[in-house]
1. Using helices alone, what [θ] at 222 nm do you get for the chain, with -39,500 (n - 2.57) per DSSP H run of 4 or more residues, divided over all residues and rounded to the nearest 500?
2. What does the charge dipole of the chain about its Cα centre add up to, to the nearest 20 debye, if the Cβ of each Lys and Arg holds +1 and the Cβ of each Asp and Glu holds -1?
3. Quick one: if the Förster radius is 41 Å, what FRET efficiency do Lys42 and Glu66 give, using the C-beta to C-beta distance and rounding to 0.05?
4. Which loop trypsin sites (Lys or Arg not before Pro) in the range 107-177, with loop taken from DSSP, have no more than 10 other Cβ atoms within 10 angstrom of their Cβ?
5. Which of the GluC sites (Glu not before Pro) found in the range 343-374 are in a DSSP loop and have at most 12 neighbouring Cβ atoms, other than their own, within 10 Å?
6. Quick check on the range 104-154: take the gyration tensor over C-alpha atoms, sort the square-rooted eigenvalues as a ≥ b ≥ c, and tell me if it's rounded (a/c under 1.5), prolate or oblate.
7. What is the Cα convex hull volume of the chain when expressed per residue in Å³?
8. Rank-order 132-141, 95-104 by packing density, defined as the average count of other C-beta atoms within 10 Å over each peptide's residues, highest first.
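What follows is calculated from the coordinates using simple rules that are stated; it is not laboratory data. What you see is a predicted model; the values in this text were computed from it and never measured. Here the Cβ is made from the backbone with ideal geometry for all residues, glycine too, and neighbour counts use every protein chain on show.
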Amino acid sequence: MSKKIFLIATVSLVLFACGKNENSTNIDDLIASKNVKELQAKKALIQGDLTKIDEALAILDVKTEEALVSVQTVKDTVFSHYLEIQGSIDTKENILVQPEYQGTLVSLNAKAGQRVSKGQILGRIDDAGLSQQVASLENQYALAKTTFERQKNLWNQKIGSEIQYLQAQTQMVSAQRGVAQIKAQLAKTIIKAPFTGTIDEVFVEKGQVVAPSAQGLMRIVNLSNMYVSTSVPETYIGKLKVGTEVDVVLSSLGKTYKGKVRQIGNFVNPNNRSFGIEVSVPNPENLLRPNQVANLKIIDYVSKDAVVVPTNVIQEDGQKNNFVFVVTNSNGKTGIAKKVIVKLGQSSGNVTEILSGLSSEVIIVTEGANAVSEGMKLNF
């Protein structure tokens, strides 16, 4: 403050001395003489002195700016970048059981929520006499087989003709095929579980007439073999492999499961330049259901000793340079702000990898960084 008073006093003395100088012209006399050039010269002289005074005051009267901020020490850490995409949960074992034979449903051993095993009999359709036909055809086959075996023995002894031997063989084979065909038809009257799972819903009742072209009998779902199907941009060809770990986030459940890529498509869709993948998902609590929406986080980049900072502290200057403010001359409670240009890597979540410009153990400004300028005193 004393420097300011001294400077003003000095300037005043100079102006006073100039006013008393014998060679100077009195301002009133200049105005009275209406000498424009002299008046302009006098004005310029005074304005120059005032500018010098303003500059001196700006230097002497400046107040140190301060800011209250939050800071963070940068540490080396493992940085992972994720490809985040959305997919749909599904299962290969989700089937609508259809009748293969037309007739009356004479028995039904299934109800919604029932756990069934592969091959378990769930119902029967009236076979309309097929079982009796099987017995008759089996008798015919037995006779044809006996006849063929006797004719074969005779033929081996060079008794009888070759045509008799071949006729007996043909009759036996024909009877055998007849038995197989009728048994195949009879098997269609028995409704079996195609795989182990749970009956989700039953659509028919005992005594109802069913047919292959009619509605399904029941839906069976196996929730132990779930997966997520989705499409991935073709730029990730080569980055994904079978076995790659994937975080499967179910927002509807508030849970995250660890899955693995189990299948990678070999075809790129020309419409959206993507290829399909399947990610297996464990379902220990049986909470997953077909057609649920899942968010996949697939790791496509990992750096074990990365320098990362919160993305929101990174700023851009007028020259399109990315920068952060670091703390210098820190005593633990205060410090001075310094602008540091940084080169950015990839971002994941709310953090960004810094490729150059920062090192570990540097203190950066986090909260309040937008109000900070170079050289500002920082309180934290």
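1. On the way: 5 runs with 104 residues, N = 380.
The per-residue figure over the chain is -9500 deg cm²/dmol.
2. On the way: 41 positive and 36 negative charges, 281 e Å.
So the magnitude is around 1340 debye.
3. On the way: r = 44 Å, r/R0 = 1.06.
So the FRET efficiency works out to roughly 0.40.
4. Values: sites: Lys111, Arg115, Lys118, Arg124, Lys145, Arg150, Lys152, Lys158, Arg177; in loops: Lys111, Lys118, Lys158.
Passing both the DSSP loop test and the Cβ count: Lys158.
5. Numbers: sites: Glu353, Glu361, Glu367, Glu374; in loops: Glu361, Glu367, Glu374.
Within the range 343-374, the qualifying GluC sites (Glu not before Pro) (loop, at most 12 other Cβ atoms within 10 Å) are Glu361, Glu374.
6. Details: a/c = 10.53, a/b = 2.74, b/c = 3.84.
Cα axes put the range 104-154 in the oblate bin.
7. Numbers: hull volume 124.8 nm³, N = 380.
Here the figure is 328 Å³ per residue.
8. Numbers: 132-141: 14.9, 95-104: 16.9.
The most tightly packed comes first, giving 95-104, 132-141.
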